[in-house]
Ligand code: GTP
Ligand code: SPV
Ligand code: MN
């Protein structure tokens, strides 16, 4: 009897007509063959074998350099179940429309069958997926980002309990590109893109969009969050999970070199992009990082902003859409102060300033997590790590203070629900436009965002010791457009206060938004920052917040009466605390 996996593979082969099928075992020998095939495709090259052993540069199609949210769909039978913030396609229509794009799509290609495990082996959190793909670059990337091959295949056995994801590069034309999710069937179809979150199906497609629907049914959370441990001078490590939209600082925060290291504060990385969280018997919420690698934004990464990752990516790493030096080393804007001579740009042309930056703004490195010097000794703990605090943060030039703490869980969920951020190069489209992005999940929630907020409210009731919820903003600017806060390793000062507050210590002052650090409560020694800047960083401007209340009202009104009444209640309470009158339509 054929197993469910074999049946699906055969059916897919009949549809896509590959010249060969490879079942990936995840071995080193196999990896060498995949890398060789990747190089044969002509868009990938080995880098300097002395300084970057086992590293490759990959240049994706210039039309295929970021997630394409406008081509990403949730295909639940009812449009309302996808909700107003998702693109929706009827599942029957979706199949009819996209199936032809897979027909014969692998004719001259090898079809790789990649079983993978999201989460550490032996964990109750972990889940199995299988990606079928015709891209050797995707296989090589999946090998870094997830636990692929035997480890997953053996766990799966004859079971049907896996999330199938079918991926083909197609012809890479955005006109024929679709990233489809069928939450009811727990199925993913992706065609026409070879890039990141569009093509590495274990990442956003499974671990967020499909997993969020599983989590809702099963009583847990699948979140776009980094997870770090802050070690304090007494040796105790407290874990913080943080949701920030794409390219808003998760990786840099999770891997920071603490500015307070001499005082005994150190950061350990558990994950940089995705967290799966479950209530634990000990009464807290525990988190794992389902991934095994980091797919991080390269530009801006340097020995001051993220020395840990620079050290990690000197071997066994992939670089996508970065520039290259004559020594065949990867290069990107912000790596070092001086631009080297004779660079090759991300498109493979000799770099000239008229053509823009040498590295694409969304150029990325793909590096095994275990290579990071800051990796937490508990990062693969099957039980996960207990979370003391959540932080929500966006990229906001104005409005949001450096840090504030919610009054309680319900208010904290409201703070997450009202997150907003300026758009970045991680997704195609305009950059720098402020958009509402609840819990940094706008592009990643696999179901109606109103139901998602309800799920968050419910989960809180079921955890005896829920994490405290905070909001941060590293990106506030002064009137001249300069960042007020130095960011990066200095962010540890804020984390220190967060942990103190989570433990019931730390001085705070109440504002209409919640608690902000009291004067002197943030450790600022060794930091050159003017008291005026600190004041500006923590300022709550009633005009800005009046506008904010209007904007959130408009956003929430889209959900009609599906919006949890608690959210409307918090909106009303905030307006009252600010002395303003704005109320949601849904409020009776
Ligand atoms: P995704 O991988 O897209 O989910 O992004 P991310 O949230 O992990 O963002 P990442 O840490 O890669 O940061 C993205 C950009 O923000 C980089 O260009 C960083 O240099 C910049 N950045 C990160 N942290 C800070 C900070 O504290 N202050 C400032 N000013 N910039 C930051
Ligand atoms: C993001 O855009 O949030 C990423 C990169 O982490 S991608 O994998 O392309 O989604
Ligand atoms: Mn991300």
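Annotations for the structure displayed:
- Given (1) more than 16 Å from ligand 3 (Cβ to nearest atom); (2) out of contact with any helix residue (DSSP H, G or I) (no Cβ under 6 Å at 6 or more places or on another chain); (3) at negative phi; (4) touching a residue at least 40 places away in the same chain (Cβ under 8 Å), number of the condition residue 514 does not satisfy: (3)
- Evaluation of residue 182 against the conditions (1) in contact with a strand residue (DSSP E or B) (Cβ under 6 Å, 6 or more places away or on another chain); (2) away from ligand 1 (no atom under 16 Å from the Cβ) shows that the sole unmet condition is (1).
- Total residues in region 422-438, condition within 12 Å of ligand 3 (Cβ to nearest atom) and free of Cβ contacts under 8 Å to residues at least 12 places away in the same chain: 0
- Applying a threshold of 9 Å to beta carbon distances and a minimum spacing of six or more residues, or different chains, the list of pairs starting in region 531-543 at a residue that is under 10 Å from residue 578 (Cβ atoms) and ending at one that is at pLDDT 90 or above and in a helix (DSSP H, G or I) reads 540/578; 542/578.
- If you go through region 426-481 and keep only what is within 16 Å of ligand 2 (Cβ to nearest atom), farther than 15 Å from residue 247 by Cβ and part of a helix (DSSP H, G or I), you end up with 438, 439.
- Matching residues, region 439-456, being within 15 Å of ligand 3 (Cβ to nearest atom), at negative phi and touching a helix residue (DSSP H, G or I) at 6+ places or on another chain (Cβ under 6 Å): 443, 444, 445
- Where a residue in region 242-256 is more than 23 Å from residue 433 (Cβ to Cβ) and its partner, wherever it lies, is assigned to a helix (DSSP H, G or I) and more than 6 Å from ligand 1 (Cβ to nearest atom), with Cβ under 6 Å and at least six apart: 255/308; 255/309; 256/489
- Test: residue in region 496-504 that is assigned to a loop (DSSP other than H, G, I, E, B), loosely packed, with under 14 Cβ neighbours inside 10 Å and on the phi < 0 side of the Ramachandran plot: no
- Within region 252-264, restricting attention to residues that are surrounded by fewer than 24 Cβ atoms within 10 Å (Cβ to Cβ) and over 19 Å from residue 403 (Cα atoms), the residue that is nearest to ligand 2 (Cβ to nearest atom) is 257.
- Near pairs, Cβ below 7 angstrom, 6+ apart or cross-chain, from region 91-104 (farther than 21 Å from residue 77 by Cα) to any residue that is in a helix (DSSP H, G or I): 101/176; 102/15; 102/16; 103/15; 104/16
- Residues satisfying the stated conditions in region 284-310, i.e. more than 10 Å from ligand 1 (Cβ to nearest atom) and touching a strand residue (DSSP E or B) at 6+ places or on another chain (Cβ under 9 Å): 284, 285, 286, 287, 288, 289, 290, 291, 292, 293, 308
- Pairs linking a residue in region 407-421 that is under 7 Å from residue 438 (Cα atoms) to a residue that is modelled with pLDDT of 95 or more and in a helix (DSSP H, G or I), with Cβ atoms under 6 Å and 6 or more positions apart or on different chains, are 416/439; 417/438; 417/453; 417/567; 418/552; 419/438.
- Of 350, 357, 361, 377, all but one fail to be at pLDDT 95 or above and either surrounded by 20 or more Cβ atoms within 10 Å (Cβ to Cβ) or within 17 Å of residue 55 (Cβ to Cβ) (or both); the exception is 361.
- Of the residues making up region 143-158, those that are within 16 Å of ligand 3 (Cβ to nearest atom) and either outside any loop (DSSP other than H, G, I, E, B) or surrounded by fewer than 20 Cβ atoms within 10 Å (Cβ to Cβ) (or both) are 144, 145.
- Wholly within region 260-330, strands (runs of 3 or more DSSP E) carrying at least 2 residues that are touching a helix residue (DSSP H, G or I) at 6+ places or on another chain (Cβ under 6 Å): 293-297
- Of all the residues in region 183-201, those that are touching a helix residue (DSSP H, G or I) at 6+ places or on another chain (Cβ under 7 Å) and under 21 Å from residue 106 (Cβ atoms) number 9.
- Within region 254-266, tally of residues that are closer than 17 Å to residue 379 by Cβ and within 13 Å of ligand 1 (Cβ to nearest atom): 3
- Candidates 189, 268, filtered to the one that is within 18 Å of residue 312 (Cβ to Cβ), in contact (Cβ under 8 Å) with a residue 60 or more places away in the chain and surrounded by 20 or more Cβ atoms within 10 Å (Cβ to Cβ): 268
- Screening region 353-381 for residues that are within 16 Å of ligand 3 (Cβ to nearest atom) and not in a strand (DSSP E or B) and picking the one that is farthest from residue 430 (Cα to Cα) gives 369.
The values are calculated or read from the model by the stated rules, or taken from the named source; none is laboratory data. Because the structure is predicted, anything quoted here is derived from the model rather than measured. Methodologically, a virtual Cβ is constructed for each residue, glycine included, from the backbone with ideal geometry; neighbour enumeration extends over all protein chains shown.
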